[in-house]
1. Can you pull out the residues in region 182-191 that are over 22 Å from TYR68 (Cα atoms) and in contact (Cβ under 8 Å) with a residue 60 or more places away in the chain?
2. Could you list, in sequence order, all residues of region 123-145 that are modelled with pLDDT under 95 and either touching a strand residue (DSSP E or B) at 6+ places or on another chain (Cβ under 9 Å) or outside any loop (DSSP other than H, G, I, E, B) (or both)?
3. Could you list all residues from region 287-297 that are in contact with a helix residue (DSSP H, G or I) (Cβ under 8 Å, 6 or more places away or on another chain) and either surrounded by fewer than 17 Cβ atoms within 10 Å (Cβ to Cβ) or among the charged types (D, E, K, R) (or both)?
4. Which condition does TYR68 not pass, out of (1) part of a loop (DSSP other than H, G, I, E, B); (2) at pLDDT below 95, if it passes all the others?
5. Output the residue which, of all residues in region 83-135 that are touching a Phe, Trp or Tyr at 6+ places or on another chain (Cβ under 7 Å) and closer than 22 Å to GLY52 by Cβ, is surrounded by the fewest Cβ atoms within 10 Å (Cβ to Cβ).
6. Can you list residue pairs whose Cβ atoms sit under 6 Å apart, with the first residue in region 315-330 being within 18 Å of ASP270 (Cβ to Cβ) and the second being among the polar types (S, T, N, Q) and assigned to a helix (DSSP H, G or I)? Count only pairs 6 or more apart in sequence or on different chains.
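The values are calculated or read from the model by the stated rules, or taken from the named source; none is laboratory data. Note that this is a predicted model, so its numbers are computed, not measured. Counting neighbours? That spans all protein chains shown, and the Cβs are built from the backbone with ideal geometry, glycine included.
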Amino acid sequence: MNDWYTYLILFLVGLLVTILTTPLAKRIAWKVNAVDYPSAWRINKQATPRVGGIAIFLGLAGALITQYVGTVYFDWPVVFIPHPSMVIEYRMLAVSVLVMFMVGFLDDVFSLKPLVKFAGQTVAAIIAVASGLVIYEIVDPFGSEAALNIGWIAYPITVLYLVAFANIVNLIDGLDGLAAGISGIVSLSLFVIAIMFGRPDAAALSIALAGCCLGFLRYNFHPASIFMGDCGSNTLGFLLGIVSLLNVSRTAALTTILVPLIFAGVPIIDTFAAIVRRTRGHMSIAQRDKGHIQHRLMQRGYDQRKAAMFVYAWSAFLSIGAILITQVDVIARIVIFIILLLASFLFVHKLHLFEPVLRHHYNKDTQTDEILPADSPVFKEEESAEK
């Protein structure tokens, strides 16, 4: 069978299985009380189940099983072929994804402590690295043949990279359809890169993931009847990180490492802003707040649909730029990168994403914190908890 038909089938299976199993995920959510109830931190106005990631996981599993059956019984082309310079044990890689999904599911049901959750994510990433998913050398993107061998440090760097990807999607998941839409756009972009680089394993995973994201949007776009929860956002982010690494070989150009970071530019910027904001506000990095991109857009009068579409457009703009970077010479790469950077800076400035982070926030006269004023939901929740 032609490769393109295979990829189309994987996309459709991921799409349909996710659509068909989302009602099942809803029932499971209500049964285990994995439900987001309205609060000062949440945008939803009614109780909404939050383990939609089950359907996304099943959609991906369905697509991969279809690929296996097609390869064994219907003469489909083999897609899970490791690059000669990066030999992958795919079964172990699948186990790492399962572990990440289970950590997210347990967090959705039992609200794990941040350190416990981080430990579980780290275990999943370590298993992925043990499967062979590691980059050992980075070549000069400016035309030199020289390569920097990073040795043993490649292992912890790859683990941190995968854990970071798992969490950036989680942090952007605060608006109906936002995380699923962005993940779908990034998945399609990674699929294009995989085809260009001749990586069928990355292409199969990314196109199946794109189908799952689109299928989940059937229920998750505003007004959402289900949220993906941590079992969805952590798994999606983790998979995007895996696909981005599958797209490169053991020896990777710096450009090919930067490309997935540009694809994920919106959640990365939002995560960076949240870390700075919470650090300046003397808060735990894990503390929730209402300073994310989606909150800023709604404060400026956007409804949920328009806010999501705005971020989709931003993410698509970055993705197109990232794809172009892989196809041009060094000077053009720099020019495109600067354009993407300036455009994103303009978006951040217009949204006041770092306000009031960049101001001197402690007022000695009133002895109050301008980042966390007395009427902040943080204090309100603490007061209600004490009562």
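1. Across region 182-191, the qualifying residues are ILE182, ILE185, VAL186, SER189.
2. The answer is GLY132, LEU133, VAL134, ILE135, TYR136, GLU137, ILE138, VAL139, ASP140, PRO141, GLU145.
3. Listed by number, the residues that qualify are GLN287, ASP289, LYS290, ARG296.
4. Among (1) part of a loop (DSSP other than H, G, I, E, B); (2) at pLDDT below 95, the lone unmet condition for TYR68 is (1).
5. Here the answer is VAL97.
6. SER319/SER189
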